[in-house]
Amino acid sequence: MRDHTDTELFDPDFNQDGRFHRRQPILTFLSGPQMGRVILLAKDAFVFGRSADADIMVVDQAISRRHGRVSYCPATDGYLVTDLDSSNGTFVNDRRITEQPLSAGDKIIMGKTILKFSLADAVDVHYMGEMEKLITVDELTGLPSKRRFDEELARHVAVAHGSSTPLGMLMMDMDGLKRINDTHGHQFGAFSIAETGKLIGGIVAGKGLASRYGGDEFMAFLVGTSLNGAVEVAERIRAAVEAHGYCKEGITLDPTISIGAAALVIGEGADGLLRRADEALYRAKQAGRNRVCT
């Protein structure tokens, strides 16, 4: 399934074939864990719902798996929102609808989620994409923000349960950062965190998603990965951090990393998976650091 939930960015100067002469339809999440996400409706119809197979997966247990659809209507050169026989209904500006044309500024309400429909020119689209980067990317490491990570983890937990495929989880905490900060200053600590984030991101790339949890803590989920596979990836990260030449202004630093690994079990939610991985991380710290525990 193609993930349509990422904002598509365009060069404002690009207008071949009049592609941007007409304003582009945009959906913006105004509530819920996806708040702030901007979706460009780049095709004629989008189904939204909590199913992993929906074009726009909405992280909200109060809505149906295939809840509604936004589609282009050639006859009016406008857009329609249609309720797909959802359990709790679709509302536009607090009025329950079966099908209704959309106007700029309309709010689509379903469950606990509110989506705002708007029309934007190419400059607006570019601006919205840049603003989304500010709230979904960690500036220090370049990794996705915790907010974006939480959203994607919830989505992949649903996918894993729906397809009976494994999902691995890593919780990571750097060792020795306090000593680096106390000895050399916080700029050296920030440098160590940034370098570690790059190492983790490089190893996890193509396997799942990594994020900085806060401070010198990181987390990652691994798609289609069993507990044994998660341990293998964790050991690669641990070894890479230990072997990495951390050097700033001629000063060599030697942080390590402790990692807890877990894998999703039947019926478990994202919170339970995170908690078990965090408990494994605690054991790794207690056992002497610079190691992987399950």
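The values are calculated or read from the model by the stated rules, or taken from the named source; none is laboratory data. Quick caveat: nothing in here was measured; it's all calculated off a predicted structure. All Cβ positions, glycine included, derive from the backbone under ideal geometry; neighbour counts span all protein chains shown. Heavy atoms of the whole protein, side chains included, go into the accessibility calculation; ligands, DNA and RNA do not. Shrake-Rupley method; radii C 1.70, N 1.55, O 1.52, S 1.80 Å.
Figures for the structure shown
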quantity	calculated
Distance (nanometres) between label positions extended 7 Å along Cα→Cβ at ASN88 and LYS112	0.8
Three semi-axes of the equivalent ellipsoid, region 146-267, Cα gyration tensor, whole Å, largest first	30, 13, 11
Where labels lie 7 Å past Cα in the beta-carbon direction, separation of LEU30 and ALA240 in nm	4.1
Cα centre as origin, Lys/Arg/Asp/Glu Cβ charges: region 52-105 dipole, Debye	100
Length-normalised contact order of the chain in % [C-alpha pairs under 8 Å, at least 6 apart]	14
Proximal lysines to LYS107, defined as alpha-carbon separation beneath 23 angstrom and excluding residues fewer than eight positions away on the same chain	LYS43, LYS116
Helix 146-163 vs. the chain, principal-axis angle (Cα, 0 to 90°, nearest 10)	80
Calculated P(r) of the chain - Cα pairs past 35 Å, %	30
Spread of Cα-to-Cα distances over 5 Å intervals beginning at zero, given as percent, for region 164-216	4, 18, 26, 20, 13, 9, 5, 3, 1, 0
Per residue, in Å², the accessible surface of the chain once ligands and nucleic acids are set aside, probe 1.4 Å	48
Dipole axis of region 42-128 (+1 Lys, Arg; -1 Asp, Glu on Cβ), positive-most option in SER64, TYR127, PHE117	SER64
Compactness of region 19-104 - radius of gyration and Dmax, Cα, Å	12.9, 39
In region 56-154, the GluC sites (Glu not before Pro) that fall in loop regions by DSSP, at most 15 other Cβ within 10 Å	GLU139
Solvent-accessible surface (1.4 angstrom probe) belonging to ARG276, in square angstrom, nearest 10	70
All lysines inside 18 Å of LYS198 as judged from Cα atoms, apart from same-chain residues fewer than 8 positions distant	LYS133, LYS146, LYS207, LYS248
Nearest-ten-degree value, helix 186-204 long axis tilted from longest Cα axis of the chain	70
Qualifying lysines (Cα of each under 20 Å from Cα of LYS112; at least 8 residues distant if same chain)	none
Angle between the chain longest axis and helix 270-286 axis [Cα atoms, degrees, rounded to 10]	10
Fraction of alpha-carbon pairs over 27 Å apart in region 77-228 - percent	48
Only Lys, Arg (+1) and Asp, Glu (-1) charged, at Cβ; the chain dipole about Cα centre in debye	620
Solvent accessible area, Å² - SER192, 1.4 Å probe, full protein context	0
Other-chain or far-sequence residues with amide H under 5 Å of TYR79's (modelled H)	CYS73, LEU102
Helical contribution to [θ] at 222 nm, DSSP H n ≥ 4, -39,500 (n - 2.57), averaged over the chain, rounded to 500	-10500 deg cm²/dmol
Region 45-168, relative contact order [Cα under 8 Å, separation at least 6], %	16
